[in-house]
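S.K.: Got a structure here, written out as structure tokens. Questions coming.
The values are calculated or read from the model by the stated rules, or taken from the named source; none is laboratory data. For clarity, every value in this text was computed on a predicted model and none was experimentally measured. Note that each Cβ is placed from the backbone with ideal geometry, even for glycine, and that neighbours are counted across all protein chains shown.
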Ligand SMILES: *[C@@H]1O[C@H](CO)[C@@H](O)[C@H](O)[C@H]1NC(C)=O
Ligand SMILES: *[C@@H]1O[C@H](CO)[C@@H](O)[C@H](O)[C@H]1NC(C)=O
């Protein structure tokens, strides 16, 4: 009896402790504290949730339910562009996505109705932790953006979903534009109109994207193949990303796309121990002004793990699948890189651009370690997404 009471008390205590962020930001977002020591609080209405996310008070905001924004800002009935490649989908396995836009040069106008709330994300203030409780934290029909110099934000253990998935430009899940210190951890993103994560044109700064599930399963696919095309589009002015332990599955493009010659952008990206699975299109699509270290990732049933264009775009890429390439990291980084592994996947180039190691040698303290690539599929599917903390 006494043991039972002690156990119960222990369980209550640990539940109380869990109200707030789990773990500490690592990698490039090291030092991100979000709402810090502010006491965790649970909003009781949609209005309160919006106020707490957008104001300039440091807060730890617990998301203990599904907050449904659909219908809260009305709908728009208009004309959308149906193009033969993305909407008609002759012979495809899914419906397509029509475009919410003002021109329709390559298609025909169709009538469409979309929800307004998803088109404008909530603008997150500085010093915020937005944290899901168990597997209950859902933002339905609205995404988040951090912009205008706001910084120090943690988004953990929430599911962002249902942003006009029928329509391109229907809504982005997470937007970073003129910010710094962002930790996006253990979230799930599904059924989005446009990008799951997008940055630019202002800087995204120091960002860690860890242990998230990017779930592209959809009925409306720009590639007509039941997989979401618009995964990660990174175009910030000066960005450092740690991309670790993510499960990117059933998407068909931009997973990720990064790089631009706009405004002397510079993007540094460390992809480590991610599981890319069932990609009916491309994973990495790398453009100019990028320095990308890709190690310990598992590609399974990925049509095009890296686009041919990445090899001629001017992107600087170090990716390892041979002993020589892995060992080549040692002198600059102080460790042997982990191999990338492929199964049922298009060819994966071994790229050993020393410029990447030179850049990362001065950023060494931000590099997270890696685990053996063989365990990545089981380990990542067990830990990535919501309700897994
Ligand atoms: C965020 O926290 C930092 C460090 O405590 C502080 O300097 C800054 O003023 C805070 N920002 C806002 C908008 O409260
Ligand atoms: C699983 O991943 C975690 C990090 O997310 C790591 O600490 C652990 O060592 C990994 N386990 C295996 C067996 O690779």
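S.K.: Which residues, counting only those in the stretch 255-280, are surrounded by 23 or more Cβ atoms within 10 Å (Cβ to Cβ) and assigned to a loop (DSSP other than H, G, I, E, B)?
M.R.: Result: 255, 256, 259, 265, 273, 274.
S.K.: How do the pairs read when you match residues in the stretch 253-274 that are closer than 17 Å to residue 212 by Cβ and at pLDDT below 95 with residues anywhere that are within 16 Å of ligand 1 (Cβ to nearest atom) and part of a strand (DSSP E or B), using Cβ under 8 Å and keeping only pairs 6 or more apart or on different chains?
M.R.: Cβ pairs passing all conditions: none.
S.K.: I'd like the full set of residues that are surrounded by fewer than 19 Cβ atoms within 10 Å (Cβ to Cβ) and in contact with a strand residue (DSSP E or B) (Cβ under 7 Å, 6 or more places away or on another chain), limited to the stretch 134-148.
M.R.: 140, 147
S.K.: List pairs: first residue in the stretch 209-227 and more than 12 Å from residue 167 (Cβ to Cβ) and modelled with pLDDT under 95, second residue within 16 Å of ligand 2 (Cβ to nearest atom) and in a loop (DSSP other than H, G, I, E, B) anywhere in the structure, Cβ distance under 8 angstrom, at least six positions apart or on different chains.
M.R.: none
S.K.: Next question. Looking at this structure, is residue 59 touching a residue at least 60 places away in the same chain (Cβ under 8 Å), in contact with a strand residue (DSSP E or B) (Cβ under 9 Å, 6 or more places away or on another chain) and within 16 Å of ligand 1 (Cβ to nearest atom)?
M.R.: yes
S.K.: Restricting to helices (runs of 4 or more DSSP H) lying wholly in the stretch 283-389: which have 3 or more residues that are away from ligand 2 (no atom under 16 Å from the Cβ) and in contact with a helix residue (DSSP H, G or I) (Cβ under 9 Å, 6 or more places away or on another chain)?
M.R.: Output list reads 330-333, 354-361.
S.K.: State the number of residues belonging to the stretch 99-150 that are assigned to a loop (DSSP other than H, G, I, E, B), within 16 Å of ligand 1 (Cβ to nearest atom) and more than 14 Å from residue 187 (Cβ to Cβ).
M.R.: Qualifying residue count for the region: 6.
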